[in-house]
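A.B. asks: One structure, pasted below without further comment.
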Amino acid sequence: PPWKVSLKVNGKACELELDARTTLLDALREHLHLTGSKKGCDQGQCGACTVIAGGRRINSCLTLAVMHQGDEITTIEGLGTPDDMHPMQSSFVKCDGYQCGYCTPGQICSSVAMLDEVKAGIPSHATADLMEPPKLTPEELRERMSGNICRCGAYSNIFDAINEVAG
Ligand code: FES
């Protein structure tokens, strides 16, 4: 029998009935028709499916929708609109932080939540054993964004875009 799950997606309450094996990514794309989150590998390797769940970035292909009962999910569609873009979206446009664009929604969701992690003093693998609060050095930025792959290799513009917002 189908399972019922309630999610709050981009500020909107959504009631879904789905097979318990449905990933969060498939629930977003196929049940809610939010196709901004992309399916690259469907196995946690590329980051194209990154969304923000309860303030933390996650690979939505690696988690089941039913595990997110009551959670607040933000996708690229919820960060901004073409007329009212999130600062990170504007920065990617300004810095040309993409080539084909397939990884871009994941890159943007990931970088928005990543800057919140830095602000909250959450260490990365590179800084885990340091006592000081983390700083966004170029090495740290690469480490923290290493879960988001860009097959076009647009990394230098992607990092410029993120650095613009990080200040
Ligand atoms: Fe989820 Fe590649 S589609 S990490």
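The values are calculated or read from the model by the stated rules, or taken from the named source; none is laboratory data. Please read all numbers here as calculations on a predicted model, not as lab measurements. Positions of Cβ are generated from backbone atoms using ideal geometry, with glycine treated the same way; all protein chains shown enter the neighbour counts.
A.B. asks: Would you confirm whether or not region 97-107 contains a residue that is within 15 Å of Lys38 (Cβ to Cβ), of a type outside the set (S, T, N, Q), touching a helix residue (DSSP H, G or I) at 6+ places or on another chain (Cβ under 7 Å) and part of a helix (DSSP H, G or I)?
C.D. replies: Yes, the conditions are met somewhere in region 97-107.
A.B. asks: Mind checking whether some residue in region 95-111 is farther than 23 Å from Ala154 by Cα, within 14 Å of the chain's Cα centre (by Cα) and at pLDDT 95 or above?
C.D. replies: Among the residues of region 95-111, not one is farther than 23 Å from Ala154 by Cα, within 14 Å of the chain's Cα centre (by Cα) and at pLDDT 95 or above, which makes the answer no.
A.B. asks: Right, another one. Take region 82-123 and flag every residue that is among the hydroxyl-bearing types (Ser, Thr, Tyr) and either outside the structural domain of Asn157 (by TED's automatic domain parsing) or within 23 Å of Gly167 (Cα to Cα) (or both).
C.D. replies: Scanning region 82-123 gives Ser90, Ser91, Tyr98, Thr104, Ser110, Ser111.
A.B. asks: Residues Gly47, Gly40: which one is crowded, with 22+ Cβ neighbours inside 10 Å, within 15 Å of the ligand (Cβ to nearest atom), under 18 Å from Tyr155 (Cβ atoms) and of a type in the set (Gly, Ala, Ser)?
C.D. replies: Step by step, each of Gly47, Gly40 is checked, and only Gly47 is crowded, with 22+ Cβ neighbours inside 10 Å, within 15 Å of the ligand (Cβ to nearest atom), under 18 Å from Tyr155 (Cβ atoms) and of a type in the set (Gly, Ala, Ser).
A.B. asks: On to the next question. Do we have Pro82 as more than 20 Å from Ser110 (Cα to Cα), free of Cβ contacts under 8 Å to residues at least 60 places away in the same chain and away from the ligand (no atom under 15 Å from the Cβ) here?
C.D. replies: no
A.B. asks: Can you run down the residue pairs with Cβ atoms below 6 Å, 6 or more apart or on separate chains, where the first is in region 37-62 and in contact (Cβ under 8 Å) with a residue 24 or more places away in the chain and the partner is within 6 Å of the ligand (Cβ to nearest atom) and assigned to a strand (DSSP E or B)?
C.D. replies: Cys49/Asn59
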